[in-house]
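Novice: What follows is a single structure, and I will ask about it in a moment.
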Amino acid sequence: MNFKLDHQMFLVLNGIIGGLVVARLVGFALSRGAQSEERKSAIDDLNARIRGWWIMIAIFYISFVIGPAGSMLLFAFVSVLALREYISLISTTRADHRMLFWSFFVFTPLQYWLWYKGWYGLAVILIPVYAFLFVPIRLALAGETTGFLDRAARIQWGLMVCVYCISYAPALLTLNIPGYEGQNAKLLMFLVIVVQVGEAFQYVWTKLIGKRKIAPNISPDKTWEGFIGGLATTVALGTALWWMTPFTPVHALFLSLAAALMGFAGSLTMSAIKRDRGVKDFGSTIDGHGGTLDRLDSICFSAPLFFHLTRWISVSGHPFLFR
Amino acid sequence: MSALSASIIAACARTLAGPSIRWVNIRPSTRQRVYFANHTSHLDFVVLWSVLPRKLRSMTRPVAAKDYWNSGLRKRIAHNAFHAVLIERGRKTLEGDRAAAARNTLEQLLQALEEGNSLIVFPEGTRGDGLEVGPFKSGIYHVWARRPDVQFVPVYLSNLNRILPKGEFLPVPVISRVVFGPGLKLEKDETKESFLRKAHEAVCALREA
């Protein structure tokens, strides 16, 4: 099925593009006026984020136009990019080679194919059950015991975050929600807006009034003030956008709260991994690569929860939840 | 036709290996050069060649082992697309023929330089494990001794051993890195040992760049 470009979608897309144009202009003006090194790097970071959003919007727009099959392909490609960044950054050994091949060329396509075919039961356990068992088996067959558990866990985690979690985003397109047929692209858009704008809000609140750091060892720009301010604004925005979802405003409120919280957790967790590997960004050590994973860390964590909550609401069949 | 297939192969190599490229204190130039790099994968010369600007690619010929690249599809790739200079490797020839084979190899390289080409060489002579850069064979010194006018440019390739390690035939798309360093600064009367030491150090120095 293809999605129709309805009035709401049109409104949302234009709103986002308008917002990005403004953000780009602001970023451009700031970068011309920047004096100190610190400010420069902060503004570079901001501009990189804005660029990331443009790409993301392009991706969602394309996926909206080409429908679920194309979207699955597109997101499978995004997963490969993310997994590639992750694998390049963590160290793997010669003995992991064949397992890495399986990860890129078997598990990744299979995961997306299962969603596309609507084989829900297997799609939700393929990686957390079967891949998680397969990884140590394959490594054992490779015969190298040094750092065995460590190596297995690294690959498992890569598959989990870069493939399994990201695949939940296009999986939203396959949900069958009574009374909302053909409009699922808006649901995906809703999730992305809430999570990404939520991140931006947190950033802004931290810059404005941020003082108390949440986890100074992991991420110096996450403060309680930013977190709470960002959460409040994000939930307000999510609730205000209820009309593009199949939910009532109250459910939109709780769903955006869940998505924003998981988005925050995702970004924090991925920062911890980056810290462990001694880098600031997945993209920074490898110039010329956009840092796909840096942009997607919040979506990674919020997509599965958002998907399952939505599915639970729609499958449980409470018509009063819908408009 | 061959230029087209070379471009296609280069594009595939760049997609697979996703190389980030750095030129440290050196710029791409049409000046005649010998690029010498560490060697960890069969992909090495393909990737190194593919990250050169298009204009330089047509004048740059990789030097590769005849025993690997001289059959079937590989032969066609090496011959038609890259115009590789295929050489006999020392250990594959009989003991008595070694000196003759080495002379022959040197003549082939000099001939290619004579024709105005730049070269890509891997002075280790064999693929390493990607951890240490092995000792350099002396062939590169003899090339320099005969053609000191050519610029010798060190290159460090990382992660290619993770993309296609020795003994594997299926690649994994890890992001690689190609770093070009400044041309070697050499005295007129450089001895073989000091030439090889300087060349080796120049490649190793790029590892952290």
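Values in this text are rule-based calculations from the coordinates and carry no lab data. Computed from a predicted model, the values in this text were never measured in an experiment. Methodologically, a virtual Cβ is constructed for each residue, glycine included, from the backbone with ideal geometry; neighbour enumeration extends over all protein chains shown.
Novice: Within 10 Å of each Cβ in peptide B:10-18, how many partner chain Cβ atoms are there on average? Round it to a whole number, please. Before the final figure, lay out each step's value.
Specialist: Values: counts 0, 0, 0, 0, 0, 0, 0, 0, 7.
Mean number of neighbouring Cβ atoms from other chains: 1.
Novice: Any aspartates and glutamates with Cα under 13 Å of the A:K274 Cα? List them, leaving off those in the same chain fewer than 8 positions away.
Specialist: A:E85, A:D294, A:D297
Novice: Of the cross-linked pairs A:K211/A:K280; B:K55/B:K185; B:K55/B:K188, which ones have a Cα-Cα span greater than 23 Å in the structure shown? Walk me through the numbers on the way to the answer.
Specialist: Details: A:K211/A:K280 21 Å; B:K55/B:K185 25 Å; B:K55/B:K188 31 Å.
Too far apart for the 23 Å limit: B:K55/B:K185; B:K55/B:K188.
Novice: Mind checking which of B:T105, B:T30, B:T40 has the largest fluctuation in a GNM of chain B, springs on alpha carbons under 10 Å?
Specialist: B:T30
Novice: I've got another one for you. All other residues with a Cβ under 15 Å from the Cβ of A:A169 taken together, and with Lys, Arg as +1 and Asp, Glu as -1, what is their net charge?
Specialist: Numbers: positive: A:K186, A:R295, A:R311; negative: A:D297.
Once all neighbours under 15 Å are counted, the net charge is +2.
Novice: Another question, then. With charges set only on the Cβ (+1 for Lys and Arg, -1 for Asp and Glu), what does the dipole of segment B:50-209 come to about its Cα centre, in debye to the nearest 20?
Specialist: Values: 26 positive and 18 negative charges, 105 e Å.
Computed about the Cα centre, the dipole is about 500 debye.
Novice: Right, another one. Would you calculate a helix-derived [θ] at 222 nm for chain B, using -39,500 (n - 2.57) for each DSSP H run of n ≥ 4 and dividing by the full residue count, to the nearest 500?
Specialist: -10500 deg cm²/dmol
Novice: Then there's this: Going by a 4.7 Å Cβ-Cβ cut-off, which cysteines of chain A have no partner at all?
Specialist: Within chain A, the cysteines lacking a partner Cβ under 4.7 Å are A:C162.
Novice: Any chance you could run the full-extension gain for A:W312 through A:K40? It's 0.36 nm times the residue separation minus the Cα-Cα distance, nm to one decimal. Mind dumping the intermediate values first?
Specialist: On the way: separation 272, 0.36 × 272 = 97.92 nm, distance 4.56 nm.
Gain on stretching A:W312 to A:K40: 93.4 nm.
Novice: Short version: ³J(HN,Hα) in whole Hz for each residue of segment B:107-116, in order, from phi by Karplus 6.51 cos²θ - 1.76 cosθ + 1.60 (θ = phi - 60°), x for Gly and Pro, what are they?
Specialist: 4, 4, 5, 5, 4, 4, 5, 4, 7, x
Novice: While we're looking at this one, here's another question. Cut-off under 18 Å on the C-alpha distance; same-chain residues fewer than 8 positions from A:K207 excluded. Which lysines are left, in chain and number order?
Specialist: Qualifying lysines at Cα under 18 Å: A:K40, A:K222.
Novice: At a 10 Å Cβ-Cβ cut-off, how would you order A:K222, B:K166, B:K185, fewest neighbours first?
Specialist: B:K185, B:K166, A:K222
Novice: So which residue, out of A:G226, A:G118, A:G52, gets the largest mean-square fluctuation from a GNM of chain A using Cα contacts under 10 Å as springs?
Specialist: Residue with maximal mean-square fluctuation among A:G226, A:G118, A:G52: A:G118.
Novice: Among A:Y86, A:Y116, B:Y68, rank each residue by its count of other Cβ atoms within 10 Å, from fewest to most, as a rough exposure measure.
Specialist: Details: A:Y86 22, A:Y116 19, B:Y68 14.
Placing the least packed residue first, the sequence is B:Y68, A:Y116, A:Y86.
Novice: Right, another one. Would you work out the charge dipole size for segment B:1-107 about its Cα centre, treating the Cβ of every Lys and Arg as +1 and the Cβ of every Asp and Glu as -1, and quote it to the nearest 20 debye?
Specialist: Numbers: 18 positive and 6 negative charges, 79 e Å.
Computed about the Cα centre, the dipole is about 380 debye.
Novice: Additional query: Could you tell me which of A:L208, A:V194, A:Q183 has its Cα farthest along the dipole of segment A:171-247 towards the positive end, charges placed at Cβ (Lys, Arg +1; Asp, Glu -1), taken about the Cα centre?
Specialist: Of A:L208, A:V194, A:Q183, it is A:L208.
Novice: Select from B:L164, B:N117, B:P19 the residue farthest towards the positive end of the dipole of chain B; place +1 on Cβ of Lys and Arg, -1 on Cβ of Asp and Glu, and compute about the Cα centre.
Specialist: B:P19
Novice: Taking the simple approach of a point 7 Å from Cα along Cα-to-Cβ for both A:A240 and A:A29, what is their distance in nm?
Specialist: 2.1
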